[in-house]
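Okay, structure first, notes after.
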Amino acid sequence: MWLYLVAFVGLYYLLRWYRERQVVSHLQDKYVFITGCDSGFGNLLARQLDARGLRVLAACLTEKGAEELRGQTSDRLETVTLDVTKMESIAAATQWVKEHVGDRGLWGLVNNAGVIKPVTLCEWLNMEDSMNILKVNLIGVIQVTLSVLPLVRRARGRIVNVSSILGRVAFFAGVYCISKYGVEAFSDILRRELQHFGVKISIVEPGYFRTGMTNLTRSLEEMKQSWKEAPKHIKETYGQQYFDAFYNIIKEGLLGCSTNLNLVTDCMEHALTSVYPRTRYSAGWDAKFFFIPVSYLPTSLADYILTRSWPKPAQAV
């Protein structure tokens with residue numbers, strides 16, 4: 001019995017491996033539009049796809065980021081400045097993409113732009129920071145996608161949305177998790193709505209990686225500032241001892257972030273270039289062997305595992 005089961009599982013993974021190795025033809029004629037290319041995953045993916053011969057359309061928030069990227073890539077790569085929180089910026093970038101791709105359409109859209117700051121509890125966040133996270137990570141993804149969707153549909157292409165493992169398991173950085181859960185839902189809905197148009201949707205769920213978003217010094221300073229600006233009653237409820245302990249937990253987590261960004265960009269590249277891309281990609285050992293398994297546990301057990309090291313608030317009952 002067990003021998004048959006092992007053989008069946010082995011055959012399944014062998015067939016999947018064979019299918020996923022099949023590469024889309026004429027990649028050198030494919031246009032891919034990537035957001036958030038100033039640094040991190042987007043910057044590395046733009047260089048990676050350019051080196052492979054694809055026609056990369058890289059959107060950067062700043063002209064400085066665009067200039068630096070152009071200096072590291074071939075003449076094929078084109079850049080545009082884009083603020084995903086502003087509809088006029090999205091409209092201008094969409095027109096720019098349309099002029100580049102012409103009648104062939106847009107093969108790939110990678111929604112990579114994102115923010116996480118500051119890393120705090122929900123009660124410590126002010127509304128302005130919360131709204132900015134949602135505007136960039138969720139509303140921006142929706143607006144950019146719907147804006148260029150006719151071009152992707154024309155090419156029967158791909159949409160790759162960068163979520164997070166915190167879009168599967170939410171246990172801190174509350175509004176960030178909310179935004180990524182929204183990305184997951186939007187991607188699932190879009191995949192089902194577009195199934196008859198030949199458009200494939202993939203979700204990439206990275207674990208903890210060291211990028212500009214998880215810069216140690218900046219993240220900790222933003223956390224301190226958020227606590228400093230918190231109302232008096234919040235500080236009394238949690239207490240300075242709680243903040244100090246939580247600060248050290250976040251610091252330890254940031255120090256443990258993986259520096260191998262290729263684990264993420266390789267997933268993105270596969271989603272864009274494989275004939276049979278996956279619906280979901282989990283990137284990083286922490287994602288694969290901790291967070292994904294935890295997501296399938298009973299809620300009470302998952303809660304215990306995820307919060308057992310958390311400090312106790314000053315006014316806890």
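Tabulated values for the structure
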quantity: Among residues of segment 99-124, those that are within 20 Å of Gly36 (Cβ to Cβ), open to solvent by 30 Å² or more (accessible area, probe 1.4 Å) and modelled with pLDDT of 95 or more, counted; calculated: 1
quantity: Matching residues in segment 21-40 - criterion: being open to solvent by less than 30 Å² (accessible area, probe 1.4 Å) and either at positive phi or in a helix (DSSP H, G or I) (or both); calculated: Leu27, Gly36, Gly40
quantity: Selection within segment 70-123 - assigned to a helix (DSSP H, G or I) and within 20 Å of the chain's Cα centre (by Cα); calculated: Ile90
quantity: Residues of segment 273-296 classified as under 15 Å from the mean Cα position of the chain (by Cα) and either of a type in the set (A, V, I, L, M) or open to solvent by less than 40 Å² (accessible area, probe 1.4 Å) (or both), total; calculated: 5
quantity: Segment 64-90, subset of a type in the set (Gly, Ala, Ser) and under 16 Å from Ser39 (Cα atoms), residue most open to solvent (accessible area, probe 1.4 Å); calculated: Gly71
quantity: Those residues of segment 123-182 which are charged (D, E, K, R), touching a helix residue (DSSP H, G or I) at 6+ places or on another chain (Cβ under 8 Å) and free of Cβ contacts under 8 Å to residues at least 60 places away in the same chain, in sequence order; calculated: Arg153, Arg154, Arg156, Lys180
quantity: Hits in segment 75-100 (condition: of a type in the set (S, T, N, Q) and touching a helix residue (DSSP H, G or I) at 6+ places or on another chain (Cβ under 8 Å)); calculated: Thr79, Thr81, Thr85, Thr94
quantity: From Ile249, Ile305, residue being hydrophobic (A, V, I, L, M, F, W, C), under 30 Å from Asn161 (Cβ atoms) and either free of Cβ contacts under 8 Å to residues at least 24 places away in the same chain or touching a Phe, Trp or Tyr at 6+ places or on another chain (Cβ under 6 Å) (or both); calculated: Ile305
quantity: Failed condition for Asp129, given (1) surrounded by 15 or more Cβ atoms within 10 Å (Cβ to Cβ); (2) at pLDDT 95 or above; (3) part of a helix (DSSP H, G or I); calculated: (2)
quantity: Top-ranked residue in segment 153-188 [being touching a Lys or Arg at 6+ places or on another chain (Cβ under 7 Å) and among the hydrophobic types (A, V, I, L, M, F, W, C); ranked as surrounded by the most Cβ atoms within 10 Å (Cβ to Cβ)]; calculated: Leu166
quantity: All positions within segment 47-65 that are over 18 Å from the mean Cα position of the chain (by Cα) and either hydroxyl-bearing (Ser, Thr, Tyr) or part of a helix (DSSP H, G or I) (or both); calculated: Asp50, Ala51, Arg52, Thr62, Glu63, Lys64, Gly65
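The values are calculated or read from the model by the stated rules, or taken from the named source; none is laboratory data. The structure displayed is predicted, hence computed values, not measured ones. So basically every Cβ, Gly included, is an ideal-geometry build from the backbone, and we count neighbours across all protein chains shown. Accessible surface is based on the protein model in full, side chains and every heavy atom, while ligands, DNA and RNA are left aside. Shrake-Rupley method; radii C 1.70, N 1.55, O 1.52, S 1.80 Å.
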